[in-house]
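Just so you know, all these numbers are worked out from the coordinates, no wet-lab data involved. Here the structure is a predicted model, which means the values were calculated and not measured. Quick reminder, even Gly has a Cβ in these numbers, built from the backbone with ideal geometry, and neighbours come from all protein chains shown.
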Amino acid sequence: MERTGRVVDPVFVRGWASLKQFVETCADWLGERPEDVCRRAAGAICIATEGAPDLPVVAPVEQPVAASLVLPLLDAGPGSPLAAAMRSVAPLIPWREPPQGEIEKYMGGRNCMSRLVGPDSLFRSDAIGFGTFYMAPDVLYPRHMHAAEEIYVVVSGGGSWALGDGGFEERGPGNVIHVTPWLPHALRANDQGLLMLWAWQGNIDLDAYRMDAGDDD
Ligand SMILES: [Fe+2]
């Protein structure tokens, strides 16, 4: 297959198509939720995927290390329907260390994330950041806050969230956790680990993010 003078590997094209299909499956799932924040996220993701080129601008690169963390959790079940969708594309997801520097201090090497939709992501959008997030067993993501309105969706495994002044409450596959702008929140993976989708809407600038570890750790 050739486009603008370069040869594109057909395996690579299939990988791109699989990632796009996964993102669209996630948007479909969110679009059927009753929460307004989920339906808004679905709409923004769909605009990004519909505007994407037929062929990738950035190559999906196999991520064997991340896949070795994530795949056992996807196989452990019971997961949400999203777990099945993620199973086939997990090695192609552009997993990386989270960008917020302070997270490393608390979670270094025991978590990875991707941003599949966003300003500089595979699917371009200035309205939403959307991707996947993995935390190893028993890892704590300390109290933090940001201007963005956020949802987390548990795909597989489980964990607990503390929102505002509330205590930690357990959540499992298929649960949506809604975080309003600047609401302090913390989360902790259970002894299986925690695989999630995340989405930021509104002010998605990383400069509007603060870590306040407090006495969670
Ligand atoms: Fe957050």
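What does the charge count around Arg40 come to, taking other residues whose C-beta lies under 14 Å from its C-beta (Lys +1, Arg +1, Asp -1, Glu -1)?
That works out to -3.
How would you rank 126-134, 66-74, highest first, on the average number of other Cβ atoms within 10 Å across their residues?
The most tightly packed comes first, giving 126-134, 66-74.
Whole-Hz ³J(HN,Hα) for each residue in the stretch 201-212, computed from phi via Karplus 6.51 cos²θ - 1.76 cosθ + 1.60 with θ = phi - 60°, x for glycine and proline: what do you get?
Along the stretch 201-212, the couplings run 10, x, 7, 9, 5, 5, 5, 8, 9, 9, 9, 9 Hz.
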